[in-house]
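Novice: Shown below is the structure under consideration.
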Amino acid sequence: MSDEHHDCCAHHGHHHELVIDSLRVCYRNTVALDDVSFATSCGNRVALVGPNGAGKSTLLKAIAGLVPRNGGSIRWRGTAVKRWSREFAYLPQREEVDWSFPITVQGLVEMGRYPQTGWWGRFSTRDATAVEAALADLDLLDLRHRQIRELSGGQQQRAFLARALAQEAHVLLLDEPFTGLDRNASRQLGDLLEKLAREGRLIVASHHDLESAPRLFDEALLLKSRSHGFGAASEILSERNLARIFGQVQDADERPAPRAIATPL
Amino acid sequence: MELLIHPFYQRALAAALIIGFSNGFFSGFVVLRRNALSVSALSHTMLPGIAAGILVTGMLTQASAFVGALFAALMVGLGSVAVARGNRIAQGTALAVIYTTAFAAGVAILPRLDTRQELEHWLFGDIMAVGNADLWIAFGIGSLTLLVANLLMRPLLVTMFEPNVAAAQGVPVRFIQYLLFALLVLSLVASLQAVGCVLSVGMLVAPGATISLLTDKTPALFWGGGLLGAAGAVGGVLLSATLGLAPGPVIVMLLGSLFLAAWIFSPRYGLIAGWKK
């Protein structure tokens, strides 16, 4: 897939904007996100950085439409995203996936076409072509008949990315994509995200490794329930800013670790 | 084989085929949802349901047993889903509390009814006593299950794989989950006559569990489960005549043995394949 042929930015000559404005998300009585705003455009890789419990996953899920919003707005390409957009693809955290589900890589990628085919629609040649292209793009053709647990961590990430490509998503929302990957797989994924961004996609990912963040991402949002700064990754992830965000974590803010229950057995 | 000329035997084989296939097909969902234990809970709930049916209508008829079992299973099943929606109580916990309570109610009512002998028939089933009406009920429920499951296969699969993502894509996840529960209860009711409410769990879990050891493709899980369930049920009926045993237990033991064989010999996920790795 070359830059010219991608139907996002290259065609239009201007950049598609994702604008998040005063987003607010509450779980029951807890405010998880409040007054989160930032604007970015496709072709970028945006890191969400913040301490545990800062709401990184919640922000991704709110953009993806997986959790309901209690306020604020999300605009993509100038129109408000009500609940869900086919152009958004969410890639779950690894531990949230049921890896033993009897589904092959190809089956997973085909799921990306369900929004297009609907509940009953036949799989057209166009759907099949999109699946093939996504598999080829992410170098998964040889692994297509593997069950998803039989893949390495990097391959699993690629399989979910392939599903997003089959869906023809422009905004990829990734929850901790680099967690659990070894150095080589991590580097491959970094290169891949760079390529996908260059082709005109917008990548938003939560990321906890502060050291690699400026290398892997173009922009960064400092998050701790509210936005504490947004801008070029190299600038926003300065020592001073990070100390401000991570330094002010108090014991009370951290989630208590679950206590082991003592049993006589 | 002179048994085959008897209408009751033909009906038994037909019932085994229909119930075995539709329950085997549905067992794919049970395996994917990982709720085999709640199926067991639900099936036990049918006993107090039948007792309640007799209590209300004053007699044990097909209709009263079916309606009572359906009502009790729906109350317990949907009740547990509703309680679990609050996030505080896991569904398994809610189910365990509610179904033991219902079962206790059934046990309390039982001695007050003088139909205990016939109730035992509902516990373990009697496929040889299947009537034409039972066949039609089994056929109707089986067709409905197959139709709904196939029409809604995509939303069902997405819901079971990633409920959050499915909800975001506009799949009515809650409706799908209630629907699965309703279909499950219907399948249990359909197998009452053949294997009874206690053994019906085997037909609703074993075929899918066996096939899941042999394939990674979801369509194969469902259709393979259906074929295996039908083969196991028909094979069980045929074997039971040779062995001189009751058909219900033979069906379930046969399906259980096939599961054990798959667990040991599956080329990819079997015990022996695991040693070789």
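Novice: Scanning for something more than 28 Å from A:Q116 (Cβ to Cβ), in contact (Cβ under 8 Å) with a residue 24 or more places away in the chain, in the same structural domain as A:F217 (by TED's automatic domain parsing) and in contact with a Cys (Cβ under 9 Å, 6 or more places away or on another chain), does the range A:48-57 turn up at least one residue?
Specialist: The answer is no, given that none of the residues of the range A:48-57 is more than 28 Å from A:Q116 (Cβ to Cβ), in contact (Cβ under 8 Å) with a residue 24 or more places away in the chain, in the same structural domain as A:F217 (by TED's automatic domain parsing) and in contact with a Cys (Cβ under 9 Å, 6 or more places away or on another chain).
Novice: For the range A:143-155, name all the residues that are within 14 Å of chain B (Cβ to nearest Cβ) and assigned to a helix (DSSP H, G or I). Walk me through how you get there before you give the answer.
Specialist: Taking the range A:143-155 and keeping what is within 14 Å of chain B (Cβ to nearest Cβ), we get A:143-151.
Correct list: A:L143, A:I148, A:R149, A:E150.
Novice: Looking at (1) in contact with a strand residue (DSSP E or B) (Cβ under 7 Å, 6 or more places away or on another chain); (2) acidic (D, E); (3) not assigned by TED's automatic domain parsing to the domain that holds A:L222, which is the one condition that is false for A:D34?
Specialist: (3)
Novice: Evaluate the range A:181-192: report whether one residue or more is touching a Leu at 6+ places or on another chain (Cβ under 8 Å), surrounded by fewer than 20 Cβ atoms within 10 Å (Cβ to Cβ), away from chain B (no Cβ under 14 Å) and in contact (Cβ under 8 Å) with a residue 40 or more places away in the chain.
Specialist: yes
Novice: Return the residues of the range A:209-233 that are in a loop (DSSP other than H, G, I, E, B) and of a type in the set (A, V, I, L, M); say none if nothing qualifies.
Specialist: A:L210
Novice: When you look at A:R69, is it within 14 Å of another protein chain (Cβ to nearest Cβ), more than 24 Å from A:A233 (Cα to Cα) and touching a residue at least 12 places away in the same chain (Cβ under 8 Å), yes or no?
Specialist: Taking the combined requirement at face value, the residue satisfies it.
Novice: Something else: Of the conditions (1) more than 30 Å from A:D175 (Cα to Cα); (2) surrounded by fewer than 17 Cβ atoms within 10 Å (Cβ to Cβ); (3) within 14 Å of another protein chain (Cβ to nearest Cβ), B:A149 clears all except one; give me its number.
Specialist: Unmet condition: (2).
Novice: Of the residues A:A252, A:A243, which is more than 30 Å from A:H16 (Cβ to Cβ) and modelled with pLDDT under 80?
Specialist: A:A252
Novice: Same structure, new question: Could you tell me how many of the residues in the range A:119-139 are in contact with a helix residue (DSSP H, G or I) (Cβ under 8 Å, 6 or more places away or on another chain) and either closer than 19 Å to A:E150 by Cα or not in a helix (DSSP H, G or I) (or both)?
Specialist: 7
Novice: If you take the residues in the range A:72-84 that are in contact with a His (Cβ under 9 Å, 6 or more places away or on another chain) and in a loop (DSSP other than H, G, I, E, B), which one is farthest from the other protein chains (Cβ to nearest Cβ)? Before the answer, list the steps.
Specialist: At the first step, the residues of the range A:72-84 found to be in contact with a His (Cβ under 9 Å, 6 or more places away or on another chain) are A:76-78.
With the extra rule that they be in a loop (DSSP other than H, G, I, E, B), the set shrinks to A:77-78.
On the way: A:R77: 18, A:G78: 21 Å.
Filtering the range A:72-84 for residues that are in contact with a His (Cβ under 9 Å, 6 or more places away or on another chain) and in a loop (DSSP other than H, G, I, E, B), the one farthest from the other protein chains (Cβ to nearest Cβ) comes out as A:G78.
Novice: Looking at the range B:213-229 only, could you name the residues that are crowded, with 23+ Cβ neighbours inside 10 Å and more than 13 Å from B:M253 (Cα to Cα)?
Specialist: Matches in the range B:213-229: B:L221, B:F222, B:G225, B:G226, B:L228.
Novice: If you don't mind, there's one more thing I want to ask. Tell me, yes or no, whether the range B:81-90 has at least one residue that is more than 14 Å from chain A (Cβ to nearest Cβ), touching a residue at least 12 places away in the same chain (Cβ under 8 Å) and surrounded by 14 or more Cβ atoms within 10 Å (Cβ to Cβ).
Specialist: Scanning the range B:81-90 turns up at least one residue that is more than 14 Å from chain A (Cβ to nearest Cβ), touching a residue at least 12 places away in the same chain (Cβ under 8 Å) and surrounded by 14 or more Cβ atoms within 10 Å (Cβ to Cβ).
Novice: To continue, here is another question. Quick one: in the range A:96-142, which of the residues that are surrounded by 17 or more Cβ atoms within 10 Å (Cβ to Cβ) and among the polar types (S, T, N, Q) is nearest to the other protein chains (Cβ to nearest Cβ)?
Specialist: Result: A:T104.
Novice: Please find, among A:A197, A:A213, the residue that is under 28 Å from A:S85 (Cβ atoms), in contact with a His (Cβ under 6 Å, 6 or more places away or on another chain), surrounded by 17 or more Cβ atoms within 10 Å (Cβ to Cβ) and among the hydrophobic types (A, V, I, L, M, F, W, C).
Specialist: Just a single option satisfies the conditions, and that option is A:A213.
Results for (1) crowded, with 24+ Cβ neighbours inside 10 Å; (2) in a helix (DSSP H, G or I); (3) within 14 Å of chain A (Cβ to nearest Cβ); (4) not small (G, A, S), shown as yes or no for each residue.
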site: B:L199; (1), (2), (3), (4): no, yes, no, yes
site: B:M203; (1), (2), (3), (4): yes, yes, no, yes
site: B:I211; (1), (2), (3), (4): yes, yes, yes, yes
site: B:A231; (1), (2), (3), (4): no, yes, no, no
site: B:L239; (1), (2), (3), (4): no, yes, no, yes
site: B:G248; (1), (2), (3), (4): yes, yes, no, no
site: B:A261; (1), (2), (3), (4): no, yes, no, no
site: B:R268; (1), (2), (3), (4): no, no, yes, yes
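The values are calculated or read from the model by the stated rules, or taken from the named source; none is laboratory data. Remember, predicted model here, so these are calculated numbers, not experimental data. In this analysis, Cβ positions are derived from the backbone assuming ideal geometry, glycine residues included, and neighbour counts consider all displayed protein chains.
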